[in-house]
1. So who's got an amide H within less than 5 Å of the one on Val26, skipping anything under 5 residues away but keeping other chains? H placed 1.01 Å off N, in plane.
2. Just to compare against my own numbers: the Cα pair-distance distribution for segment 169-245, 5 Å bins, whole % per bin, please.
3. Among all the lysines, which ones have a C-alpha under 16 Å from Lys272's C-alpha, if same-chain residues fewer than 8 places away are not counted?
4. Go ahead and set up a Gaussian network model of the chain, Cα springs under 10 Å, then flag whichever of Thr105, Thr289, Thr77 fluctuates most.
5. Greater than 31 Å separation of Cα atoms is the criterion. Which listed pairs, Lys148/Lys231; Lys173/Lys383; Lys126/Lys231; Lys130/Lys206, meet it?
6. Pairs of Cα atoms under 8 Å, at least six residues apart: use those to get the relative contact order of the chain, whole percent.
7. Treating cross-link reach as a plain straight distance, find the aspartates and glutamates whose alpha-carbon is under 13 Å from the alpha-carbon of Lys45, omitting any fewer than eight places away in the same chain.
8. Between Met262, Met251, Met87, where does the largest GNM mean-square fluctuation fall for the chain, given springs only between Cα atoms within less than 10 Å?
Amino acid sequence: MTMMKRGFAAAAMLLVTTSLVHAEDVEVLHWWTSGGEAAALNVLKDDLATKSIGWVDMPVAGGGGEAAMTALRARVTAGDPPTAVQMLGFDILDWAGEGALGDLTEVATAEGWDAVVPAALQGFSKADGKWIAAPVNVHSTNWVWINKAALDATGLAAPTTWDELVAVLDKMKENGITPLGHGGQPWQEATVFDGVVLGMGGDLYKKAFIDLDPAALGGPEMAEAFNRLIKLRSYVDDNFSGRDWNLASAMVINGEAGMQMMGDWAKGEFLKAGKVPGTDFVCIRFPGTQGSVTFNSDQFAMFNVESDEAKAAQAAMASAIMNPTFQSAFNVVKGSVPARTDVPNDAFDDCGKKGMADLAEANTNGTLFGSMAHGHAAPAAVKNATYDVITAAFNGEYADGAAAAAALAEAVAAAQ
Ligand code: GAL
């Protein structure tokens, strides 16, 4: 074949390839399907579109991402992983351990991510010294979202202790509304329990959920935490079982329920419904947890791809995600706060400003802990074992908190 012919053949081949696969597309697996989540996702999609990075959507509904992770496993087993995947905490490290993730170190080094991403997040964005994921936000779970009119109707102030919380919930019940908007799914009960246990003290939280200390998991303080969780069950409505988290948010938004104990993605739902913090709703840290933060950071992990074009698209997506202007625009809508320390708080509402200040304070004071409920405290096997006991306790399957705590210690030991 002459040079010219060979060149022509190569060009034709390229044409065929690009007409089948858009070289710059990224296929993104995620679970952002609620109103607020979809609005935030659009900020990301639109941003990537301006950079000519095509988006192939792979949504897998289900708060907390359990269904998405099952779908991911199936795709990887079939030898066809998506390019980019929304992922949390230890799941990222597990996939890195399997050798399934690409390497973002080149773009991370060029852009100086090491200097601006909090160390606690880097613990999940890097493995063996290599960047393997780009953090898009920092959510936290120890929040309560309260309908302002419902709170005003109690004549009480926003609660700062467990006893004050119980007084507000009792009053809301008397006033004829469902005090606690809740969806009966294991990850939602675990999210509530993040706050309940943190409310017993950061020491208990760390020893039990991060150090997996059997004495803390099965001891009297954990027993009390379970008694509190069991008490909270008495404030939910009869139809709570299986309800999605965003429908529980909607109950608070429309005044059917008084409050929801949920991560700050709930704020995305309030904002999407046109509600204003301080006017229509109030955001407080779970009573007794002001000063501590249980974090949950959504990251995009990039799976191994062959072609240079696909690798370039992954790097471009990661770079776009880490851009400070984008981090502001995205997190304002999502309800979370930026995953970089150098993003100004001007564009954020009062709850967002509080979230940013709380995160910085907790980071400085050593009171920033990974969320048990969202896979930032322990690997999936331990998390799932913990979920089982929490949900069983919430549904009244143990005689009391002490029995639940004993079961937790046993389940966690068996899962390791
Ligand atoms: C969390 C995730 C959040 C939010 C929530 C509900 O695990 O980190 O971004 O989407 O689930 O779906």
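Readers should treat all values here as calculations from the given coordinates under stated rules, not as data from a laboratory. Because the structure is a prediction, the values reported are computed rather than measured. Cβ atoms come from the backbone with ideal geometry, glycine included; neighbour counts cover every protein chain shown.
1. Counting only residues 5 or more places away or on other chains, the set is Gly54, Trp55, Val56.
2. The calculated distribution, bin by bin, is 3, 15, 22, 21, 16, 13, 7, 2, 0.
3. Partners within reach: Lys334.
4. Residue with maximal mean-square fluctuation among Thr105, Thr289, Thr77: Thr77.
5. Details: Lys148/Lys231 23 Å; Lys173/Lys383 33 Å; Lys126/Lys231 40 Å; Lys130/Lys206 27 Å.
Over 31 Å apart, Cα to Cα: Lys173/Lys383; Lys126/Lys231.
6. Working: 764 pairs, mean separation 110.6, N = 416.
After rounding, I find 27 percent.
7. Asp25, Glu27, Glu37, Asp57
8. Per the Cα network of the chain with a 10 Å cutoff, Met251 tops the list.
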